[in-house]
1. Kindly indicate the residue of segment 60-73 that is in a strand (DSSP E or B) and over 14 Å from the mean Cα position of the chain (by Cα) and also farthest from Phe19 (Cα to Cα) among those meeting that condition.
2. Among the listed residues Ile76, Ile17, identify the single one that is of a type in the set (A, V, I, L, M), outside any helix (DSSP H, G or I) and surrounded by 19 or more Cβ atoms within 10 Å (Cβ to Cβ).
3. In segment 18-36, which residue that is of a type outside the set (A, V, I, L, M, F, W, C) and in contact (Cβ under 8 Å) with a residue 40 or more places away in the chain is farthest from Lys86 (Cα to Cα)?
4. With the condition kept exactly as written, say whether any residue in segment 108-115 is in contact with a Ser or Thr (Cβ under 7 Å, 6 or more places away or on another chain), within 14 Å of Phe19 (Cα to Cα) and in contact (Cβ under 8 Å) with a residue 24 or more places away in the chain.
5. Would it be correct to say that Asp103 is under 23 Å from Ile115 (Cα atoms), modelled with pLDDT under 95, part of a helix (DSSP H, G or I) and of a type outside the set (Phe, Trp, Tyr)?
6. Among the residues of segment 55-84, how many are over 21 Å from Pro6 (Cα atoms) and either touching a helix residue (DSSP H, G or I) at 6+ places or on another chain (Cβ under 8 Å) or among the hydroxyl-bearing types (Ser, Thr, Tyr) (or both)?
7. Can you say whether Asp95 is surrounded by fewer than 17 Cβ atoms within 10 Å (Cβ to Cβ), charged (D, E, K, R) and touching a His at 6+ places or on another chain (Cβ under 7 Å), as far as the supplied structure shows?
8. What number of residues in segment 23-59 are within 24 Å of Cys111 (Cβ to Cβ), part of a loop (DSSP other than H, G, I, E, B) and not polar (S, T, N, Q)?
Amino acid sequence: MSDFTPATPIGLQIRKIIFEKFNDADTKFTNDEIFEILKSNGDVDPSWIIDDIEPFINELCDSGLARNIAQNFTTIYLKLFESIEKTHCNSCDDDVFLAPSEDKVCPNPSCKATIQL
């Protein structure tokens, strides 16, 4: 891997993409769709392949935000458990996107502060 550091952590970028494009519990989406948007936004390591975002997708499933409904080789099909909401973390000063049932902890890996609603 290169020394590329994104301006916005990848996990936060992915949550924002889901909020903007797929924020409906009945909508199916894939890691491929998310990856294409990440690449088009330009804030991802240009040497990355689809497999490089798998840990971030697994993190979304582990957090209770989304669930893996099917998989075909490297394509992971996902659905949200519920629509997500935009809020703001005062500790890191980032907009964050959380489901109402998720722990109110900032998903920014360098922050992890409790979100005050």
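1. Checking each candidate, the answer is Asn72.
2. Details: Ile17 fails: outside any helix (DSSP H, G or I).
Checking each option against the conditions leaves just Ile76.
3. Here the residue is Asp32.
4. The answer is no, given that none of the residues of segment 108-115 is in contact with a Ser or Thr (Cβ under 7 Å, 6 or more places away or on another chain), within 14 Å of Phe19 (Cα to Cα) and in contact (Cβ under 8 Å) with a residue 24 or more places away in the chain.
5. Judged against the criteria, Asp103 is not a match.
6. Selection size over segment 55-84: 13.
7. Numbers: surrounded by fewer than 17 Cβ atoms within 10 Å (Cβ to Cβ): yes; charged (D, E, K, R): yes; touching a His at 6+ places or on another chain (Cβ under 7 Å): yes.
Yes, satisfied.
8. Total meeting the criteria: 5.
The values are calculated or read from the model by the stated rules, or taken from the named source; none is laboratory data. Because the structure is predicted, anything quoted here is derived from the model rather than measured. Methodologically, a virtual Cβ is constructed for each residue, glycine included, from the backbone with ideal geometry; neighbour enumeration extends over all protein chains shown.
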